[in-house]
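Take a look at the structure below.
The values are calculated or read from the model by the stated rules, or taken from the named source; none is laboratory data. Please read all numbers here as calculations on a predicted model, not as lab measurements. Backbone-built Cβ (ideal geometry, glycine too); neighbour counts: all protein chains shown.
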């Protein structure tokens, strides 16, 4: 089995050595540079990678990845597509060789750590032939209609994302707009565009685009639909429309009632309005959910101390100090360095001892 790890790069000298060291078990490491002005190319050469230069104008990620894929040698069996801030984990090659059947498998689904407390299944390891990248941003490998995809699957964590927090997202909004213009019925990028609008503080535009996403025939994944409703609720809250915020958080809960996120949104909204009985009820409802799904829509905060902290404040205001103390102790174990959790516990213990 011949495996090529391939990536596009631009001004990522800080990641090159780590990237190449993690990928060294590959038969070839191909780094396709798109215009670096730092030492990215020089360091990649020194680390043993094959380095090629391309120019993509106007810029879009799918064209860059397709150009990089075209430079992968034709005799490669398995292509591992990465960014330079993504790190292959020890044993990655052995696991691919274990689950991939030569001459049969065309695609691998594997665990990916996004780097912000979220891990989910990813699908960017593919056969050399029969695939091309689509969408200007949040690009995705699509099979040629003439091939029949055969999937392999592993629960092993193969890749960890270790991003640069200073990296700009400035180009994403325009590229996502291009994506929805080219393919207006694709729910994936419709939601990404709506979410990006919310990141930019364009609250009403984000609400409208979430509505467009939710109306798409193929927008059927309940977790993402729930996420879209949560985005709308947050946008309405930013606009000062508490009624619509609450209504959309309820709609989020109706889409995916067995996820913690919408109940946390409702509990937080009630906390801000000092509606303690409802805050407590929603927080406890969220805590009844113990199955954390491995999907990108998960908010890692809801699996930390957040819901327990909400219980503490609500229960304290309702005079339920024993319940509050119980959850304060749990909150501190989940977030030992979170000052609010520690303060809540200290105050409750002092009050009960008085």
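The table for this structure:
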| quantity | calculated |
| --- | --- |
| Residue match in the range 184-197 (condition: outside the structural domain of residue 219 (by TED's automatic domain parsing) and crowded, with 17+ Cβ neighbours inside 10 Å) | no |
| Lone unmet requirement of (1) surrounded by 20 or more Cβ atoms within 10 Å (Cβ to Cβ); (2) under 14 Å from residue 284 (Cα atoms) for residue 326 | (1) |
| Total residues in the range 328-345, condition assigned to a helix (DSSP H, G or I) and under 29 Å from the mean Cα position of the chain (by Cα) | 8 |
| Some residue of the range 84-93 being under 14 Å from residue 9 (Cβ atoms), surrounded by 15 or more Cβ atoms within 10 Å (Cβ to Cβ) and out of contact with any helix residue (DSSP H, G or I) (no Cβ under 7 Å at 6 or more places or on another chain) | yes |
| Residues (surrounded by 16 or more Cβ atoms within 10 Å (Cβ to Cβ) and farther than 17 Å from residue 268 by Cβ) located in the range 296-319 | 297 |
| Residues (touching a residue at least 60 places away in the same chain (Cβ under 8 Å) and assigned to a loop (DSSP other than H, G, I, E, B)) located in the range 113-134 | 114, 116, 117, 118, 128 |
| Candidates 238, 265, 246 - the one that is in contact with a helix residue (DSSP H, G or I) (Cβ under 9 Å, 6 or more places away or on another chain), under 24 Å from residue 176 (Cα atoms) and outside the structural domain of residue 311 (by TED's automatic domain parsing) | 238 |
| Enumeration of residues in the range 84-105 that are in a loop (DSSP other than H, G, I, E, B), on the phi < 0 side of the Ramachandran plot, within 24 Å of the chain's Cα centre (by Cα) and touching a residue at least 24 places away in the same chain (Cβ under 8 Å) | 84, 85, 89 |
| Residue 61 being more than 25 Å from residue 173 (Cβ to Cβ) and in the same structural domain as residue 116 (by TED's automatic domain parsing) | no |
| Residues satisfying the stated conditions in the range 300-319, i.e. in contact (Cβ under 8 Å) with a residue 12 or more places away in the chain and not in a helix (DSSP H, G or I) | 304, 305, 318 |
| Cβ-Cβ under 6 Å pairs, at least 6 apart or on other chains, the range 1-14 side more than 27 Å from residue 77 (Cα to Cα), far side modelled with pLDDT of 95 or more and in a loop (DSSP other than H, G, I, E, B) | 11/36; 11/38; 12/84; 13/38; 13/39 |
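Rundown of residues vs (1) touching a residue at least 24 places away in the same chain (Cβ under 8 Å); (2) within 22 Å of the chain's Cα centre (by Cα), yes/no style:
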site	(1), (2)
55	no, no
59	yes, no
71	yes, no
108	yes, yes
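For every residue, the table says whether it meets (1) surrounded by fewer than 19 Cβ atoms within 10 Å (Cβ to Cβ); (2) over 19 Å from the mean Cα position of the chain (by Cα); (3) in a helix (DSSP H, G or I).
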site: 224; (1), (2), (3): no, no, yes
site: 228; (1), (2), (3): no, no, yes
site: 237; (1), (2), (3): no, yes, yes
site: 245; (1), (2), (3): no, yes, yes
site: 252; (1), (2), (3): no, no, yes
site: 261; (1), (2), (3): no, no, yes
site: 270; (1), (2), (3): no, yes, yes
site: 274; (1), (2), (3): yes, yes, no
site: 279; (1), (2), (3): no, yes, yes
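Rundown of residues vs (1) in contact with a helix residue (DSSP H, G or I) (Cβ under 8 Å, 6 or more places away or on another chain); (2) closer than 25 Å to residue 152 by Cβ; (3) not in a helix (DSSP H, G or I), yes/no style:
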| site | (1), (2), (3) |
| --- | --- |
| 7 | yes, yes, yes |
| 11 | yes, no, yes |
| 15 | no, no, no |
| 24 | no, yes, yes |
| 36 | yes, no, yes |
| 63 | no, no, no |
| 82 | yes, yes, yes |
